[in-house]
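Read-outs: derived from the displayed coordinates by stated rules, not from any lab. Note that the structure is a prediction, hence the values are computed from the model and not measured. Here Cβ is always computed from backbone atoms with ideal geometry, including for glycine, and neighbour counts include all displayed protein chains.
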Amino acid sequence: MARFAAWGGSRSVRVVAFLLAAAVGACGRQEAHLNQPAVDIKNGDTCVVCGMYITHYPGPRGEAYLSGVKGLLKFGSTRDFFAYVTRDDIVPRLQTLYVQDTARIDWTHPSNAAASFTDARTAYYVAWQPVAGEMGSTFASFAKRTDAEAFIGAHGGALLRFDQITPALVSGLTYTCPAASSPFYALAVKAKCVVKAGAMSAGTRPMHMDGSGVMPGSATPAGTMRSE
C-alpha cells in the first residue's frame, strides 16, 4: 500500500507539473497576442494587397498580425483586408486583427490614429453599401451594432459578422444589394439587405460623401430585400 501510495503521489505531482506548464505556456501565448496593439497609419505606409499609399484614400482601413511576420501588416481598405485574411494559406497564421471603427472617422479623410481601430473579429460590417473606399466597393466596419444599423438606415446595405465574409463575397462585392441571380442573394435576403434611395441598382458606380456626410440622391426606390 505504501508503495502504491508513493507511486500515486509521484504520478499526481507529474500531472500537476504538466498542467502548470501548459497553463504557463497558454498564458505566454495570450500575452503575446495582448502585446499586439493597433498602430498609427503613417505617411508612406502602403497597402499589403494593392501597394497603394494608404493615407491618400477614403474609407476604413485594416491591420493584422500574423505568425511568422515581424510587426504588423496594413491595409488601405476593409475589402483588401478581407481579401488577405480570408485566404486559405493565411487563416491558420492569423493573430490579432483590427479594422477602423467607421463611427470614429471621417470617411473622406479617415483618422490615422491607432485609437480609431477596433477588434476585427468582434466588429460589425455593412456590405453592399454605396460609399466607395480605396479600391471601390468596401465594407463599412463598426465597433458597435447600433452604429452599423444607423449607417444602414442612412445609406443601405446589410449587416454581416466577421465569419460571414468569404473570399468569394469579397471578390464579388458591389455597391448595392445583390440581384436575385447573384450567388449572394440568399445571404443578402437573410441579412435583410436595405436598398436606400440614392443607391445604384446596377451596383457598378460608387457614391461619395459630400462635405456634410449626406449621400447624393438618385431615383432608385428604397426598400428591404425579402425572400419571395
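Summary of computed values
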| quantity | calculated |
| --- | --- |
| Simple label model, 7 Å out from Cα along Cβ direction - residue 46 to residue 168, nm | 3.3 |
| Segment residue 115-residue 197, length gained on full extension (0.36 nm per residue, minus Cα span) | 26.2 nm |
| Reachable aspartates and glutamates, given that their alpha-carbon falls under 20 Å from the alpha-carbon of residue 192 and they are not under 8 places away in the same chain | 147, 149, 163, 228 |
| Partners for residue 190 among lysines (Cα-Cα distance below 21 Å; same-chain residues under 8 apart left out) | 144 |
| Lysines whose Cα lies under 22 Å from that of residue 70, excluding same-chain neighbours fewer than 8 positions away | 42 |
| Net lengthening on full extension, residue 185/residue 154 (0.36 nm per residue, minus Cα-Cα) | 9.0 nm |
| Dipole of region 36-224, positive direction: furthest Cα of 97, 176, 109, with charges on the beta-carbon | 176 |
